[in-house]
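Peer 1: Take a look at the following structure, please.
Each value in this text was obtained by applying a stated rule to the coordinates, not by laboratory testing. In this text the structure is predicted, and so the values were computed from the model without any measurement. Every residue, glycine among them, receives a Cβ derived from its backbone with ideal geometry; neighbour counts consider all protein chains shown.
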Amino acid sequence: MAINVRVNTTGAIGRATIKSSPKTAIAADTFAPKPNVSLSEISDVSTAGVENGDALVFNSATNKFEAQTVTATVTEVFGGTF
């Protein structure tokens, strides 16, 4: 980071002004983007026992997204003409 300093000595007491640029650049030598990542490569996703039609559901006990079969039971339908 570059720091620019200007010292004003026109008065009896010198004054320093320090300004730094708000811009930040981070460069990583090891960065290599991977365009095709499978779910099993993501650290907080578990693909154990995955089957067709499963949905990813977060499990707070394991702190991971897990494949689960989601089911629903409709007991009543309100509205509409049937």
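Peer 1: For every other residue with a beta carbon closer than 12 angstrom to the beta carbon of residue 68, add +1 if it is Lys or Arg and -1 if Asp or Glu, then tell me the sum. Could you put the intermediate results ahead of the total?
Peer 2: Numbers: positive: 64; negative: 51, 54, 66.
So the environment of residue 68 carries a net charge of -2.
Peer 1: Provide 64, 34 in ascending order of the number of other Cβ atoms located within 10 Å of each residue's Cβ, fewest first.
Peer 2: Values: 64 16, 34 6.
Going from sparsest to densest Cβ surroundings: 34, 64.
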